[in-house]
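Structure record follows, encoded as structure tokens.
The values are calculated or read from the model by the stated rules, or taken from the named source; none is laboratory data. What you are looking at is a predicted structure, and each value in this text was computed from that prediction instead of being measured. Here the Cβ positions follow ideal geometry from the backbone for every residue, glycine too, while neighbour counts run over all protein chains shown. Each accessible area value is taken on the protein alone, full model and side chains, heavy atoms only, with ligands, DNA and RNA left out. Shrake-Rupley method; radii C 1.70, N 1.55, O 1.52, S 1.80 Å.
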Amino acid sequence: MSAAIMTCDLLVVGAGPAGLAAATQAAELGLSTVLIDEQPAPGGQIYRAIGTTPVQNRDILGADYWHGLNLLKPFETSGARHLASATVWSINARAGEANDAPAGYEVAYSVARPGEDPQAALLHCRHIILATGAQERPFPIPGWTLPGVITAGAAQILLKTSGVVPEGRTVLAGGGPLLYLLAYQYLNAGVKLDAILETTASGQWREALPHAWGFLRSPYLGKGLKLLRAVRKAVPIVSGVTALEAVAGVNGQVAQLRYEADGERHTIAVDQLLLHQGVVPNTNLSRAIGAEHVWNERQDCWEPQVDAWGATSVPNVTIAGDGAGIAGAMAAEHRGRVAAVHAAVALGRIDTAARDARAAAHLEALKRATRGREFFEVLYRPLPQFRRPVGDTIVCRCEEATAEQVRHAARIGCQGPNQLKAFLRCGMGPCQGRFCGLTVTELIADEQQRHPRDVGYYRLRFPTKPVTLGELATLPQTQASREAVVRFKK
């Protein structure tokens with residue numbers, strides 16, 4: 001017997017600050033709301049495990065992390081339903097009276113419960129808010145796939161969810177606020193860090209200066225100075241790093257880090273190397289659903305094209321938070337509330353006048369939260385050599401395709417990432433291009449002297465996450481689900 005199909009007015013995908021704020025606001029406006037998220041507990045990356053973390057000393061993770069409780073508690077009493085450990089892998093429009101106005105969406109997802117095989121299910125909703133957040137930008141250097149080399153974001157997940165910290169010789173390399181935040185949290189936890197290798201070019205300070213006035217009036221200034229002072233006092237920092245290479249030892253794990261700074265080559269022994277060069281929007285779902293995307297010149301990445309309310313080019317699909325463009329956790333929270341009141345208008349719960357009145361305070365707070373972002377974007381823009389690798393450096397981790405293989409394909413006529421799938425299978429592995437998509441676009445653009453926006457990106461289709469035939473067999477039979485199975489078989 002097929003399971004009943006859940007129905008709701010609004011589906012929110014992602015339980016980070018944007019998703020929690022959106023679901024809470026929507027439920028308070030009387031919309032039947034479901035919040036679905038891959039993690040076992042809400043919080044997203046920034047507030048991951050906020051209700052369950054074993055790190056109870058609040059000085060370690062800092063006040064900004066514990067702000068997440070202010071989102072979690074209202075959500076728990078809002079009336080919104082939370083589906084945890086659930087992965088959305090297909091979204092299909094349900095036919096309406098007009099071709100361009102779907103009656104709603106049929107969403108396929110799988111729930112993974114401990115000790116059980118994942119079970120697929122369907123949900124029908126009238127409006128969707130994607131709050132899928134950000135992911136770390138690929139950092140393809142030689143040796144980045146070695147055991148012992150992880151991203152700073154992954155290291156922070158281990159800290160928040162399990163209280164796990166590194167032992168032995170630990171080096172952080174790259175640039176951006178998260179790198180120093182993680183270092184600060186490690187220092188608070190008593191971890192010794194051997195060095196931070198800063199890849200931010202010294203000349204970028206001058207390029208960022210025209211945006212300094214906004215930064216000086218932003219909430220980032222005081223927090224940033226306190227954090228930087230503490231880290232610089234405790235950790236040796238090497239500035240002006242222009243090349244990095246992780247080298248394996250006899251056991252196959254990372255053992256050395258070679259780097260170049262100020263024109264001189266150096267080698268440092270390491271047991272762990274943590275890499276980070278900023279975050280970019282997580283766009284796999286928004287692309288698969290057909291939303292228009294544009295190239296962000298300052299951040300060198302793709303982002304969905306949205307209006308002031310987060311509305312996309314797809315009817316009744318809104319995007320909130322960093323998934324619509326990187327702006328930080330506080331901005332994501334306000335974007336979530338703005339998207340929710342817009343959804344309430346689209347669903348006929350309130351009129352535009354009520355929407356504007358309810359959104360006014362959130363829009364004003366959003367301006368304050370994003371003040372100074374331009375300064376960060378220019379200052380921490382990753383250097384080209386760390387975005388566009390050469391030689392045998394792995395680009396596609398799933399298929400082990402190298403930078404030279406991608407560049408060679410571009411030289412012999414491959415016109416874009418989609419055609420590259422036929423050459424090297426890049427983007428066809430389990431991650432569906434998350435780790436290689438930006439790099440592939442930039443490498444083809446580099447070889448052919450084209451702009452990345454003209455090169456394009458992978459054409460993503462559902463399912464956007466790996467799905468077994470067993471999961472498909474558990475789906476209730478509807479027209480949309482049958483079409484999803486047909487696409488899966490193709």
- Message: Which pairs turn up if I take residues in the range 157-177 that are free of Cβ contacts under 8 Å to residues at least 40 places away in the same chain and look for partners that are in a helix (DSSP H, G or I) and open to solvent by 30 Å² or more (accessible area, probe 1.4 Å) with beta carbon separation below 7 Å, at least 6 apart in sequence or on another chain?
- Response: 164/158
- more than 21 Å from residue 133 (Cβ to Cβ) and not in a loop (DSSP other than H, G, I, E, B): does that describe residue 369? no
- Note on the structure: Given the conditions (1) over 23 Å from the mean Cα position of the chain (by Cα); (2) within 24 Å of residue 294 (Cβ to Cβ); (3) open to solvent by 40 Å² or more (accessible area, probe 1.4 Å), every one holds for residue 423 apart from (2)
- Query: On the given criteria, is residue 309 under 22 Å from residue 446 (Cα atoms) and not charged (D, E, K, R)?
  - Reply: no
- Query: If we scan the range 430-442, do we find a residue that is over 23 Å from the mean Cα position of the chain (by Cα), surrounded by fewer than 18 Cβ atoms within 10 Å (Cβ to Cβ) and not in a helix (DSSP H, G or I)?
  - Reply: no
- Checking residue 423 against (1) assigned to a helix (DSSP H, G or I); (2) in contact (Cβ under 8 Å) with a residue 40 or more places away in the chain, which test does it fail? (2)
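For every residue, the table says whether it meets (1) of a type in the set (Ser, Thr, Tyr); (2) touching a helix residue (DSSP H, G or I) at 6+ places or on another chain (Cβ under 7 Å).
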| residue | (1), (2) |
| --- | --- |
| 4 | no, no |
| 15 | no, no |
| 27 | no, no |
| 36 | no, no |
| 56 | no, no |
| 71 | no, yes |
| 83 | no, no |
| 86 | no, no |
| 90 | yes, yes |
- Message: Quick check on the range 1-37: of everything there that is at pLDDT 95 or above and assigned to a loop (DSSP other than H, G, I, E, B), which residue is nearest to residue 284 (Cα to Cα)?
- Response: 14
- Query: All but one of (1) surrounded by 16 or more Cβ atoms within 10 Å (Cβ to Cβ); (2) touching a residue at least 40 places away in the same chain (Cβ under 8 Å); (3) under 27 Å from the mean Cα position of the chain (by Cα) hold for residue 270; which doesn't?
  - Reply: (3)
- Within the range 254-284, tally of residues that are among the β-branched types (Val, Ile, Thr) and over 26 Å from residue 18 (Cα atoms): 4
- Message: I'd like to check something: does the range 163-175 contain any residue that is closer than 20 Å to residue 278 by Cβ and in contact with a Phe, Trp or Tyr (Cβ under 6 Å, 6 or more places away or on another chain)?
- Response: yes
- Query: Taking the range 378-401, which residues are in a strand (DSSP E or B) and either farther than 14 Å from residue 442 by Cα or open to solvent by 20 Å² or more (accessible area, probe 1.4 Å) (or both)?
  - Reply: 394, 401
- Would you be able to say whether some residue in the range 33-52 is farther than 19 Å from residue 106 by Cβ and more than 20 Å from the chain's Cα centre (by Cα)? yes
- Item | Residue within the range 38-50 that is among the acidic types (Asp, Glu) and buried (at least 23 other Cβ atoms within 10 Å of the Cβ) present | no
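To keep it simple, each residue is scored yes or no on (1) at negative phi; (2) crowded, with 22+ Cβ neighbours inside 10 Å; (3) modelled with pLDDT of 95 or more.
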| site | (1), (2), (3) |
| --- | --- |
| 337 | yes, yes, yes |
| 351 | yes, no, yes |
| 356 | yes, no, yes |
| 376 | yes, yes, no |
| 444 | yes, yes, yes |
| 447 | yes, no, yes |
- Query: Across the range 303-335, which residue is surrounded by the most Cβ atoms within 10 Å (Cβ to Cβ) among those that are of a type outside the set (Ser, Thr, Tyr) and in a strand (DSSP E or B)?
  - Reply: 319
- Message: among the basic types (Lys, Arg), in a strand (DSSP E or B) and surrounded by 15 or more Cβ atoms within 10 Å (Cβ to Cβ): which single residue out of 258, 287, 265 fits that description?
- Response: 258
